[in-house]
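J.: First the structure, which I've put down as structure tokens, then a few questions once you've had a look.
What follows is calculated from the coordinates using simple rules that are stated; it is not laboratory data. Computed from a prediction, not measured in an experiment: that's the story for all the values here. Virtual Cβ from ideal backbone geometry, glycine too; neighbours counted across all protein chains shown.
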């Protein structure tokens, strides 16, 4: 999350002698990261990145609170000023009816009745303001709103935005007289209902959004996200209802993303703004309304708070903090740090009880969280460091990572392109028995994949427009549930799946011989003498799948998977590693040159060329190598290397060897010299 904070506004809440540059430097070391500091006129603007769990820092006062604790660690003055003074609601009678929601309307006012649903809304604060004079806001409000990227509109709306940026809690203001029935009902939206937001855009609701109803079925607000056009304040507005609500953050997120309404209020509310902060925000807003719009208070304060915050206590000890940090920080210093962050620290000898403020209740719950607060304020840069001693270990040749890297480099050498895809896939892409996530993000990411096949097919289809041939591969874990690959079928609940490292690839626009040749060359580079046996299997076309073995050990499979000509291969990486010979046997370079000749043989149909080459090589120990170089119809051209380790072979000796293997291939395969 990003927030812009003007330095002049920050000084309303922070007393310090540090310059803006020093403040930015210190905050970045111990708190929120200052991405940029920009001078605008006589002011400075902090562009601040705030982590998602720290919505309490998404305001001027939130940043001031952090700075007031961090700056003293660097020798600067840092004190948090109290909330701005002015007329407040302290003298108003706030309703004590915490849990008696049904009776609160009678107690507060007969004019407007509020029906809340505690499952949808945790707190409601509301107050009527009368004789509001709408006009442009004072220049200082307009200036500050412009600096944070908020467009000024009129003084009533500007005040709600101003307080939101300053205190950190969104507010809303209704035109009180346009709420005709003087009823506000908090309810779920019905699918297909429509509303027009104050920016004049019409939205059709999906059915689970939280809305405010005026009692007739008409929606008068999309709370926590954006107001509606039918109750927005206008030039002739005289009476307003100042309103704060705390809607369920998950519903805010779903509604905001589903309706594509990304307001600052939605960004804050979906992160879980502290409901207890609402009283401070409405207090500040009323004060500004009285001074800026000349409004007067027209009702008592409505406070519907069915589940007020119960202080959370986290227990730890001085020794526990020291053991984790390795630095002996004084108890008084720890107390000062935590108190500055509005925690309450109570020591009883070595034991520390920390009362967590309501705005940190969501992310501070265990002793380690307290240690993290102490450590970052103290400064990670102050912790003693010790350089690692000794020699760095060299890369271990037979390590799994080294072997996997060699595989990738080998395939890249054969024009393979490595891809990375998600391990989460849709149900229809899997076999039965795949493991389903308890809380998937969507239908297309419900299951852990048991094969890389569907991911590679999808990647190939995404590149279907490519006319040239290409080769994609991926090496990743697949997740096999209990009962597969040797795991017991009946296992305790919660047993983790077996993670199996798998190599898979897909050839697109390749012919069969070329792709098979790449697989053979790949296995040869790993020094694996593999056997290829035809065998039908699921996902492959009939009679188009080859099982790859080393002896009796299954290594993988290879073949056509669809009518589009996609050729798929898959290997078990552990099996490849087990059968691979990492260290090749040295073979000295021959002293005497080889005689090389090309011979074309006519082979009967369905003859296996690999077997022909094997027979040629086995006829004589002086045939060093035989390879296929060309094919035309039934004619196959082989290149033969004749080589003797101790002399150069004569033409007569070569002729004798040639005649021997020609007789042998004719006898076994019916092959004839072309």
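J.: Just want to confirm a number: the relative contact order over the chain, from Cα pairs under 8 angstrom separated by 6+ residues, in percent.
T.: For the chain, the relative contact order is 9 percent.
J.: Along each of the three principal axes of the Cα atoms of the range 101-304, give the extent in whole Å, ordering the values from largest to smallest.
T.: 43, 39, 32
J.: Please state, rounded to one decimal and in Å, the Kirkwood hydrodynamic radius that the chain gives when every pair of distinct Cα atoms enters the mean of 1/r.
T.: Taking every pair of different Cα atoms in the chain, averaging 1/r and inverting gives 32.2 Å.
J.: Where does the range 312-380 land on Rg(C-alpha)/(2.2 N^0.38 Å)?
T.: In units of the globular-protein estimate, the range 312-380 measures up at 0.98.
J.: Would you mind classifying the range 571-640 by shape? Square roots of the alpha carbon gyration tensor eigenvalues, ordered a ≥ b ≥ c; an a/c under 1.5 is rounded, otherwise it is prolate if a/b is larger than b/c and oblate if not.
T.: The shape class here is oblate.
J.: Further, regarding this structure: Report the semi-axes of the equivalent ellipsoid for the range 291-411 in whole Å, largest first, where each axis is √(5λ) for an eigenvalue λ of the Cα gyration tensor.
T.: Ellipsoid semi-axes (Å, largest first): 47, 26, 16.
J.: Now for a different question. Computed on alpha carbon atoms, what radius of gyration and Dmax characterise the range 400-579, expressed in Å?
T.: Gyration radius and largest Cα-Cα distance of the range 400-579: 16.5, 51 Å.
J.: Based on Cα coordinates alone, diagonalise the gyration tensor for the range 2-80, multiply each eigenvalue by 5, take square roots, and list the semi-axes in whole Å, largest first.
T.: With the √(5λ) rule applied to the range 2-80, the semi-axes are 16, 15, 12 Å.
J.: Per-residue ellipticity at 222 nm for the chain, helices alone: DSSP H runs ≥ 4 residues times -39500 (n - 2.57), over residue total, nearest 500 deg cm²/dmol?
T.: -8500 deg cm²/dmol
J.: A further question on this structure: Could you give the Stokes-Einstein D for the range 555-674 in µm² per second, using the C-alpha Kirkwood radius, 20 °C, 1.002 mPa s?
T.: 126
J.: Further question on the same structure: Could you order peptides 157-170, 281-294 by the average number of other Cβ atoms within 10 Å of their residues, highest first?
T.: Going from most to least packed, we get 157-170, 281-294.
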